[in-house]
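Peer 1: This structure is in structure tokens; I'll ask about it shortly.
The values are calculated or read from the model by the stated rules, or taken from the named source; none is laboratory data. Being a predicted model, the structure only gives us computed values, none of them experimental. Note that we place each Cβ from the backbone using ideal geometry, even for glycine, and neighbour counts take in every protein chain shown. Ligands, DNA and RNA are excluded from the accessible area calculation, which covers all protein heavy atoms including side chains. Shrake-Rupley method; radii C 1.70, N 1.55, O 1.52, S 1.80 Å.
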Amino acid sequence: MNSSAGRRRLILALLVGLLVSAAANLPAQSSEVRAVLDRAREVSYQQHWRDAQAMLDEIAPALDPSNLTEWADFELLQARHLVLADNNSEALERVETLLDLDIPPDRRLRALQLKANVSVLLRRYEPAFESLSEALSIDVDLEDPEPLVATLNMAAYMFGRVGEYELGLEYGERALVMAREAGQTQEACVALQRLAPVYKWAEQAERAEAAYREGIRDCQTVGNTLFVGVLQHGLADLLRRQGQLDAALRLVQQSIDILVEAVYTLGEYEARLVRAEVKQDLGLLDEGWLDELALLQTYFSDHALGDQSARLELLRSEIAEEAGDFAGALESYQRYVQARESFLGRERAMRLAYLQVEFDSRFQRQQIELLRETARVSQLEAQSAAQERRLRTFAWLVVGLVILVLAGLLHKVFQSRRRFRDLSRRDGLSGLANHSWFFERAQLLMDQTQLTSSKRRLVLVAADIDHFKQVNDRFGHRVGDSVLGRTGQRLREVFPEDALVGRIGGEEFAVLLSVAAIEEAIQCIELFRQSDKRVVRSGDPAVTLSFGLSCAQPGDTIDALRDRADKALYRAKQAGRDRYEIDESCSLPIKPKE
């Protein structure tokens, strides 16, 4: 037992003693406490959580800690309110303390679901998937399907976040069917709030819009204004991507009003970002909004929300570029790249946590099967001497089977390790080296080159797809992903086989190659710029790239080399795009090692 868990149990024991003492002097009956708890839960989900918290504060002295059902309901509501108040760490501590108790199975389901949710908010992905896995394994026959529906909803969201869209949609649609069959509109409202974004991530826009609108209707019917605001914000973002800007602006403003009233700060700030993006698309975002954008940036940075920070910095870069402030646009774009990389790192961590928990679960199940088989062998060996020869033969067969199974498991372990290593090094869309692996390999190549005497030089080529946002907005993210994949394939084809090629950002690529003269790198760029009908299909958008080249000098680091290449790339962008610019370092003579 670690010290943190010990402290929690000590605090719980002291609190239980105080509550027992206080309850002995109060006239409140268990039935009255039960009624207030039920009413507080209804108010929390359908009206305002602060009103529900006031009710919890009133009945706290009358609670009987030995009644684990009421105690669990009280603690779960307290933890939910802490999440809404942006106090996630304390909420997680309360839930973990509650899970140390022998609470009823339906309350354990709710506690595990809430722990998974809060763990995701705190970027603790492995315990999140472990909690979800345990919740899904609880097989109880409940008259009230609400706890199981809530767990399925969380499963839908988490599997959707790691790209397991089919599995996420399966859980989400199952939760919605259960809520409908039970006639529970409130649970259907919650299920649709989880299911709609999974449709959006899976790029099923029509089904996503239908789910958002259905969820808004259900949540309005039961008076769940908080989820109405969350769903309106999600639908507004979807409509913006589809070009329905006026409708998106009306929806997001309604969402902000609701979320401010509900005191749900995270949802409010995410909705305000969508509003800023819509206004920018409508040409209504002027300097009067700079304070608003600065406020959003502070909140997203303080809460380590890399995806929202990236969207905001991209918006600020567009505003600066339209105002002619190219230096400011470059600074915002660089912050966008950094925030985007941070978010992608979070996504990779979440994906790897899911894969690790899934792998561990399968391995444990296989170990259990092996133990059962071994026990069976022992039982057979204990039979009568008359069957000894037969049992010995059978035992050897079982041993051989166990060895084969273990060999198979070992082979799967090595396969899984190779898979994890490939996931950590390769970009999923293009198959090229990802950001981390590219720069790690590039620095190693630079160090090796500086240790040898050579008349060749290292050249770093920074490349960026021109107007890529317009491709996504006009043709959709599926076509955008196809463009990224084809661009990576084409770069790999035109540059030498020994060149290091990577995708280091959203639409940004890099190539490190050794040349005798800079003209070799330029020839590769010119070859890329020639159209190749093998990789361009009818109806595909025309795509061009801008390039910036820099050459390594003695004592250079990869960061210095990249900085010069990025500046050259930016000059190419300013000069009209679909061209290349060469850093002055490439005009310096090669200094051979003495």
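Peer 1: Can you check what the net charge comes to around ALA433, using other residues whose Cβ is under 10 Å from the Cβ of ALA433 (Lys, Arg +1; Asp, Glu -1)? Intermediate values should be presented prior to the final figure.
Peer 2: Numbers: positive: ARG425, ARG426, ARG441, ARG503; negative: ASP427, GLU440.
Neighbour charge sum, excluding ALA433 itself: +2.
Peer 1: Please compute the per residue accessible area over region 205-311 with all protein chains in place, 1.4 Å probe, rounded to a whole number of Å².
Peer 2: Details: 4570 Å² over 107 residues.
Accessible area per residue, region 205-311: 43 Å².
Peer 1: Sort 35-43, 74-82 for me by packing, meaning the mean count of neighbouring Cβ atoms within 10 Å per residue, highest on top.
Peer 2: Numbers: 35-43: 16.4, 74-82: 21.6.
Result, highest mean first: 74-82, 35-43.
Peer 1: For region 548-554, just list the computed ³J(HN,Hα) in residue order, Karplus coefficients 6.51, -1.76 and 1.60, θ = phi - 60°, integers in Hz, with x standing in for Gly and Pro.
Peer 2: x, 10, 9, 10, 6, 10, x
Peer 1: Report the accessible area of HIS477, computed with a 1.4 Å probe over the heavy atoms of all protein chains in place, in Å² rounded to the nearest 10.
Peer 2: 90
Peer 1: Which of the pairs LYS455/LYS567; LYS115/LYS469; LYS279/LYS573 have their Cα atoms more than 28 Å apart in this structure? All intermediate terms of the calculation are to be shown ahead of the outcome.
Peer 2: Numbers: LYS455/LYS567 26 Å; LYS115/LYS469 37 Å; LYS279/LYS573 25 Å.
Violating the 28 Å Cα-Cα cut-off are LYS115/LYS469.
Peer 1: Ignoring ligands, DNA and RNA, what percent of the accessible area of region 112-187 is carbon or sulfur (1.4 Å)?
Peer 2: Values: 1430 of 3290 Å².
Carbon with sulfur: 43 percent of the solvent-accessible area.
Peer 1: Which distance in Å, rounded to a whole number, links the C-alpha centroids of region 212-269 and region 100-179?
Peer 2: First find each Cα centre; the distance between them is then 24 Å.
Peer 1: Something else: Taking θ = phi - 60°, what integer Hz values does the Karplus form 6.51 cos²θ - 1.76 cosθ + 1.60 yield along region 427-444, in sequence order, with x for Gly and Pro?
Peer 2: Calculated HN-Hα couplings, in order: 7, x, 7, 9, x, 7, 4, 7, 4, 5, 5, 4, 6, 5, 5, 5, 5, 5 Hz.
Peer 1: How much accessible area does MET178 have with a 1.4 Å probe, in Å² rounded to the nearest 10?
Peer 2: Rounded to the nearest 10, the figure is 40 Å².
Peer 1: Hey, can you find the accessible area per residue of region 464-591 for me, probe 1.4 Å, expressed in square angstrom? Intermediate values should be presented prior to the final figure.
Peer 2: Working: 6280 Å² over 128 residues.
Heavy-atom SASA per residue in region 464-591 reads 49 Å².
Peer 1: With a 1.4 Å probe and all protein chains kept in place, how much accessible area does CYS586 have, in Å² rounded to the nearest 10?
Peer 2: Counting only protein heavy atoms, the figure is 20 Å².
Peer 1: Can you give me the relative contact order of region 113-246 as a percent, contacts being Cα pairs under 8 Å and 6 or more apart? Write out the running numbers ahead of the final one.
Peer 2: Working: 170 pairs, mean separation 22.9, N = 134.
Relative contact order of region 113-246: 17 percent.
Peer 1: Now for a different question. What is the percent carbon and sulfur in the accessible area of region 218-320, measuring with a 1.4 Å probe over the protein chains and ignoring ligands? Don't skip to the answer; put the middle values down first.
Peer 2: Values: 2030 of 4060 Å².
Of all accessible area on region 218-320, carbon and sulfur atoms account for 50 percent.
Peer 1: Still on this structure: Roll a 1.4 angstrom probe over the protein heavy atoms and tell me the percent of accessible area of region 459-567 that is carbon or sulfur.
Peer 2: Numbers: 2370 of 4850 Å².
Carbon with sulfur: 49 percent of the solvent-accessible area.
Peer 1: Also: Tell me, what is the per residue accessible area of region 72-115 in Å², probe radius 1.4 Å?
Peer 2: Details: 1430 Å² over 44 residues.
Result: 32 Å² of accessible area for each residue.
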